[in-house]
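Undergrad: Below is a structure I'd like to ask you about.
The values are calculated or read from the model by the stated rules, or taken from the named source; none is laboratory data. Quantities reported herein were computed from a predicted structural model and do not represent experimental measurements. No Cβ is skipped: glycine too gets one built from the backbone with ideal geometry, and neighbour counts run over all protein chains shown. Just so you know, the surface numbers come from the protein's heavy atoms only, side chains and all, with ligands and any DNA or RNA stripped out. Shrake-Rupley method; radii C 1.70, N 1.55, O 1.52, S 1.80 Å.
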Amino acid sequence: MKILITTDLFRSTINGVVTSVLNLERELARQGHEVRILTVSDTGKAYQEENVWYLRSVPSGIYPGVRIPVPGDGSYRRELTEWMPDIVHSQCEFCTFSYGKRIAEDTGAVFIHTCHTLYEQYTKYVPMGKYLGPAAVAAYMRWRLRPVDRIITPTKKVERTFLSYGVEKKTAIIPTGIQLKEFSAPIPGDMLSEIRKECKIEPDVRIVLSLGRLGFEKRVDELLRSWKEADISGQEAILLIVGGGPAEDSLRRLAGELGLEKQVYFYGMAEPKMVPAFYRMADLFVCASTSETQGLTYVEALASGLPLVCRRDPCLTGVLDHGENGYSYRGREEFSSYVKEILRDGQKRERMSIHSRELAKAFGTEAFGQAVNRLYNSSIRESLPAEPGTHAFGDRKFI
């Protein structure tokens, strides 16, 4: 099968969408499919590298690191149309979506889209965004997704949201998988000790980890205020915040205003190869976000054997088993109580660690790839004409 994946974000960005695309590409190739990717260049020039086609682009000026293709750069669209994909699988609703739509129309390919993001949480980044509410987002999504044949959502939470928008398309819930082995493989001891030394964290001090992009919608400011209220000394535990983003400067200032210089450490962006080490050195994973569609960092924490304390949210279904591998909290008082309980009870922490690893098994990339492959095949069967034995894509016939 020929599969074209379109995405506005790729290897130069570290987030859940990129992780999902890379894992999907790897699993589809392992199954024997021919996969090509159309994405946006981060150099301002159009070029091809192996199976990836990069569109010439300019900075968007809307969100840090996001670029948009230059209008009129259609040479790659023609080339990929002539390749005649069977499936066009879009991963973003904006720039490359339009290229995917045209290629699907021109070739008769089945057009599938994965909804990774709930955009109500991001309107603050858009000019005049404060005037945009759920109704405007819903109207845009109904219009944008009209040409799509099938929609994939990573969780029931996302499916419910898009149904509430009035998007009348068949949906399939397929959790995004991760490379579980990356988070269970041995970590060199010197790497862990070097990170502790760099962060000025003594060997006997426990680590509570927050890892992910520092966007305003991630509510890391709530974590800082909750940590202040928990009143945990820097000799007992450190809140280690790993990641970068548009909210980073304001969060650093807030930590200073709260007097948390000795209880919180901002590491900044980490190289992808170092991420498993941060999980491995931690004792507990925390998150205050309610903007997650699935939250791959949750799954990475599970695979690393970490207990979780996370803001209560529907996307935690199947990830956080309250009281078994952590707790979902509703306010600062609960956050403080749960964090202290796990940090100070070694036996409970160990039981929760074991349970997290068990839950992680459902989120491997192999299961993810198989589920998407089944959806591709069922979608192609549904597109077959009434006559048995033929498969029509535009002017093509497959037997």
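Undergrad: Go through region 325-340 and give me each residue that's in contact (Cβ under 8 Å) with a residue 12 or more places away in the chain, more than 19 Å from Thr155 (Cβ to Cβ) and not polar (S, T, N, Q). It would help to see each step written out before you state the result.
TA: The first filter runs over region 325-340 and keeps only residues in contact (Cβ under 8 Å) with a residue 12 or more places away in the chain, leaving 325-330, 332-333, 335-336, 338-340.
Narrowing the set further to residues that are more than 19 Å from Thr155 (Cβ to Cβ) leaves 327, 329-330, 332-333, 335-336, 338-340.
Tyr327, Tyr329, Arg330, Arg332, Glu333, Phe335, Tyr338, Val339, Lys340 - these are the residues of region 325-340 that are in contact (Cβ under 8 Å) with a residue 12 or more places away in the chain, more than 19 Å from Thr155 (Cβ to Cβ) and not polar (S, T, N, Q).
Undergrad: State which residue is surrounded by the fewest Cβ atoms within 10 Å (Cβ to Cβ) when the search covers only region 136-187 and only residues that are under 27 Å from Leu359 (Cβ atoms) and free of Cβ contacts under 8 Å to residues at least 40 places away in the same chain. So that I can check it myself, show each step before the final result.
TA: Here is the first cut: in region 136-187, the residues under 27 Å from Leu359 (Cβ atoms) are 151-163, 171-187.
If we keep only those that are free of Cβ contacts under 8 Å to residues at least 40 places away in the same chain too, we end up with 151, 159, 163, 171, 173, 181, 186.
Working: Ile151: 20, Glu159: 18, Leu163: 14, Thr171: 17, Ile173: 14, Lys181: 11, Pro186: 7.
Among those residues, the one meeting the criterion is Pro186.
Undergrad: Could I ask something else about it? Please verify whether Ser57 is of a type in the set (Ser, Thr, Tyr), within 19 Å of Gln294 (Cα to Cα) and buried (at least 16 other Cβ atoms within 10 Å of the Cβ), treating the condition exactly as stated.
TA: Values: of a type in the set (Ser, Thr, Tyr): yes; within 19 Å of Gln294 (Cα to Cα): no; buried (at least 16 other Cβ atoms within 10 Å of the Cβ): yes.
Taking the combined requirement at face value, the residue does not satisfy it.
Undergrad: Take the residues in region 240-249 that are in contact (Cβ under 8 Å) with a residue 40 or more places away in the chain and farther than 23 Å from Leu343 by Cα, then tell me which one is surrounded by the most Cβ atoms within 10 Å (Cβ to Cβ).
TA: From region 240-249, those in contact (Cβ under 8 Å) with a residue 40 or more places away in the chain are 240, 245-246; that's our starting set.
Retained after the next criterion (residues that are farther than 23 Å from Leu343 by Cα): 245-246.
Numbers: Gly245: 20, Pro246: 16.
Among those residues, the one meeting the criterion is Gly245.
Undergrad: Would you please name the residue that is modelled with the lowest pLDDT, looking only at residues in region 184-195 that are over 14 Å from Ala270 (Cβ atoms) and assigned to a helix (DSSP H, G or I)? I'd like the intermediate steps shown before the answer.
TA: Step one: list which residues in region 184-195 are over 14 Å from Ala270 (Cβ atoms), which gives 184-186, 188-190, 193.
Subsequent filtering for residues that are assigned to a helix (DSSP H, G or I) retains 189-190, 193.
Details: Gly189: 75, Asp190: 90, Ser193: 93.
It comes out as Gly189.
Undergrad: Additional query: Output yes when any residue across region 223-239 is open to solvent by 10 Å² or more (accessible area, probe 1.4 Å) and part of a strand (DSSP E or B), and no when none is.
TA: Looking for residues that are open to solvent by 10 Å² or more (accessible area, probe 1.4 Å) and part of a strand (DSSP E or B), one finds at least one in region 223-239, hence yes.
Undergrad: Looking at region 196-222 only, could you name the residues that are free of Cβ contacts under 8 Å to residues at least 40 places away in the same chain, outside any helix (DSSP H, G or I) and over 17 Å from Gly243 (Cα atoms)?
TA: Once the filter is applied, which keeps residues that are free of Cβ contacts under 8 Å to residues at least 40 places away in the same chain, outside any helix (DSSP H, G or I) and over 17 Å from Gly243 (Cα atoms), region 196-222 yields Glu202, Pro203, Asp204, Val205.
Undergrad: Hey, any hits in region 224-234 for a residue that's under 24 Å from the mean Cα position of the chain (by Cα) and either farther than 19 Å from Gly326 by Cβ or among the acidic types (Asp, Glu) (or both)?
TA: Checked against the condition, which is being under 24 Å from the mean Cα position of the chain (by Cα) and either farther than 19 Å from Gly326 by Cβ or among the acidic types (Asp, Glu) (or both), region 224-234 yields at least one hit.
Undergrad: When you check Ser226 against the structure, is it modelled with pLDDT of 90 or more, within 30 Å of Arg312 (Cβ to Cβ) and of a type in the set (S, T, N, Q), yes or no? Walk me through it before giving the result.
TA: Working: modelled with pLDDT of 90 or more: yes; within 30 Å of Arg312 (Cβ to Cβ): yes; of a type in the set (S, T, N, Q): yes.
It is true that Ser226 is modelled with pLDDT of 90 or more, within 30 Å of Arg312 (Cβ to Cβ) and of a type in the set (S, T, N, Q).
Undergrad: Working only within region 78-101, note down all residues that are open to solvent by less than 10 Å² (accessible area, probe 1.4 Å), among the hydrophobic types (A, V, I, L, M, F, W, C) and more than 21 Å from the chain's Cα centre (by Cα).
TA: Result: Leu80, Ile87.
Undergrad: If you check Tyr376 against the conditions, is it touching a strand residue (DSSP E or B) at 6+ places or on another chain (Cβ under 7 Å), modelled with pLDDT of 95 or more, in a helix (DSSP H, G or I) and surrounded by fewer than 23 Cβ atoms within 10 Å (Cβ to Cβ)?
TA: Spelling it out, Tyr376 is indeed touching a strand residue (DSSP E or B) at 6+ places or on another chain (Cβ under 7 Å), modelled with pLDDT of 95 or more, in a helix (DSSP H, G or I) and surrounded by fewer than 23 Cβ atoms within 10 Å (Cβ to Cβ).
Undergrad: Next question. Out of Ile207, Ile195, report the one residue that is surrounded by 15 or more Cβ atoms within 10 Å (Cβ to Cβ) and over 24 Å from the mean Cα position of the chain (by Cα).
TA: Numbers: Ile207 fails: over 24 Å from the mean Cα position of the chain (by Cα).
That would be Ile195, the only listed residue that is surrounded by 15 or more Cβ atoms within 10 Å (Cβ to Cβ) and over 24 Å from the mean Cα position of the chain (by Cα).
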